[in-house]
1. Put a dot 7 Å past each Cα toward the Cβ at Glu90 and Glu247; how far apart are the dots in nm?
2. For the range 247-326, with the dipole built from +1 on Lys and Arg beta-carbon atoms and -1 on Asp and Glu ones, taken about the Cα centre, which of Ser295, Val253, Thr276 lies farthest toward the positive end?
3. Taking the Cα centre of the range 64-151 as origin, work out the dipole magnitude from +1 charges on Lys and Arg Cβ and -1 charges on Asp and Glu Cβ, in debye rounded to 20.
4. Under the rule a/c < 1.5 gives rounded, and otherwise a/b versus b/c splits prolate from oblate, where does the range 332-371 land using the Cα gyration tensor?
5. Between Glu255 and Arg311, what length comes free when the chain is fully extended (0.36 nm per residue of separation minus the Cα-Cα distance, one decimal in nm)?
6. In whole Å, how far is the Cα centre of the range 409-424 from that of the range 140-159?
7. In debye, nearest 20: dipole of the range 340-467 around its Cα centre with unit charges on the Cβ of K, R (+) and D, E (-)?
8. In debye to the nearest 20, how big a dipole does the range 1-123 give about its Cα centre with +1 on each Lys and Arg Cβ and -1 on each Asp and Glu Cβ?
Amino acid sequence: MGTPLSVLLLEDNPDDAELLVFELRRAGFVPDWRRVDSRAAFVEALAGRPEIVLADYSVPQFGALEALHLLSTAHQEIPAIVVSGAMSEEACVDALRHGAVDYLLKDRLTRLGAAVEHALAQQGLIVASREHEQRFRTAFDHAPIGMAVSDLDGRVVEVNQALFQMTGLSPDSAFIDIIAEDDRPMVTDHVKRLAAGDHQLGSFEVRLRQPDGDTVWGQYSASLIAVGSGHVVHQVVDVTDRRRAAEALQRSVEELRELDRLKSDFIATVSHELRTPLTSIRGYTEILLGDPELSSAHRSIIGIIDRNGQRLMGLIEDLLTFSSIESGQLVLARGPVQMKQLIDAAGEAVRPVLESAGLALSLDIAADLPIVDGDGGQLERVLLNLLSNAVKFSNPGGAVLVTAKAENGYVVLSVEDSGVGIPEHEQANLFTRFYRTSDAQRRAINGSGLGLAISRAIIEAHGGWIRLQSSVDVGTTISFGLPIT
């Protein structure tokens, strides 16, 4: 199946007309055609709205130039191609000047199909452009926001009703200028930048000024939304209220930042001041526990003091570490870290707690685990945090598994427990500071809600990643990866 095409042939030679139709068919068209050779017949045929006109340049009664003139004066938007047995260069130029979209010689008709396709495409663009212009006119006139058309110097030549209502200018007002606060025209600079390929201009603050020099008061924001031949389309918004709200919001943000800074300073100061006497208290409890004459009752009491001192010291260390993280002052003492040794040490440190909680600890460490570049103390702290959580949220008789292996350029370490698990809707908040799960609150499990937030900050400071998987009543697995040195 070819492409249907309605064709009007202005041709006094029937054989030449048949040849044109043959070439159209050979080019893939299915022409519905009519041949005429006079003005009256041509005008009558136009009533059928042909899609294209093929006109012989030298028809005795009514040639191509007369046909082109008639199409123009009658505002008939039908593309026309001039065809002739012989045409001079001047004749070709004359035909194009009169509105022809192309010209062909009858002994070179192999280009006819391509010429027709080009003419139809060009006509489609013209129709689309006119429809676009009409849509723009409708949108411009009825837009609920202020719009203006200016020349390239910023002098406004047309303003829609919304902008008149916004500025208080009457529809019969003379032109106004779009200018900056320093009386510098804004549009020219922006158009030049657009022409140079800078399409990230956004909006700019402007004043609207009448020709007599009076300024239309208020704060306005203008955006260039289209640039045409010698004109620019602007969108103009009154931002007086928005500017006031933004300034108020900025003041609020600055106040909140100051409060946050004061809070961080307070936490850091108090934590530091608490650590000194607490270190002294724990030192004396160790001395007392070393006294062989201490009674068992007293030893038990002092042991409780020491355990709570350790717990308080851990909380203080968490607060100090998080304070340094928030202030961007977390410093890593980097060096080569043997992760297997670090895991073994952490496992031995928590084994008594695991055993007293009725939990089994298993280690699955790859034999060829690579060295990583990192802060061994901080990485051990992360691992102890994860193991501590596994103990807190596991029931007696459960198990904790620590695995470590090399994978995709990272040493990947995972701590898996068979505990209560975490509901899906809470998992996204687990790495947020001071966040504690509903289960932790319900069971009154000790914790500051800082452990995972600190762990993530430490791992990311090493250039690594950390993620969590959990299912209720099945267990939780937290994994992190560290780049291999």
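1. With each label placed 7 Å out from Cα toward Cβ, I get 7.3 nm.
2. Result: Ser295, furthest along the dipole toward the positive end.
3. Values: 7 positive and 12 negative charges, 44 e Å.
In debye, rounded to 20, the range 64-151 gives about 200.
4. Details: a/c = 4.70, a/b = 1.80, b/c = 2.61.
Verdict is oblate for the range 332-371.
5. On the way: separation 56, 0.36 × 56 = 20.16 nm, distance 3.43 nm.
Gain on stretching Glu255 to Arg311: 16.7 nm.
6. Taking the Cα centre of the range 140-159 as reference, the centre of the range 409-424 is 61 Å away.
7. Numbers: 11 positive and 15 negative charges, 100 e Å.
Computed about the Cα centre, the dipole is about 480 debye.
8. Details: 10 positive and 19 negative charges, 58 e Å.
Value, rounded to 20: 280 debye.
Readers should treat all values here as calculations from the given coordinates under stated rules, not as data from a laboratory. Quick caveat: nothing in here was measured; it's all calculated off a predicted structure. Backbone-built Cβ (ideal geometry, glycine too); neighbour counts: all protein chains shown.
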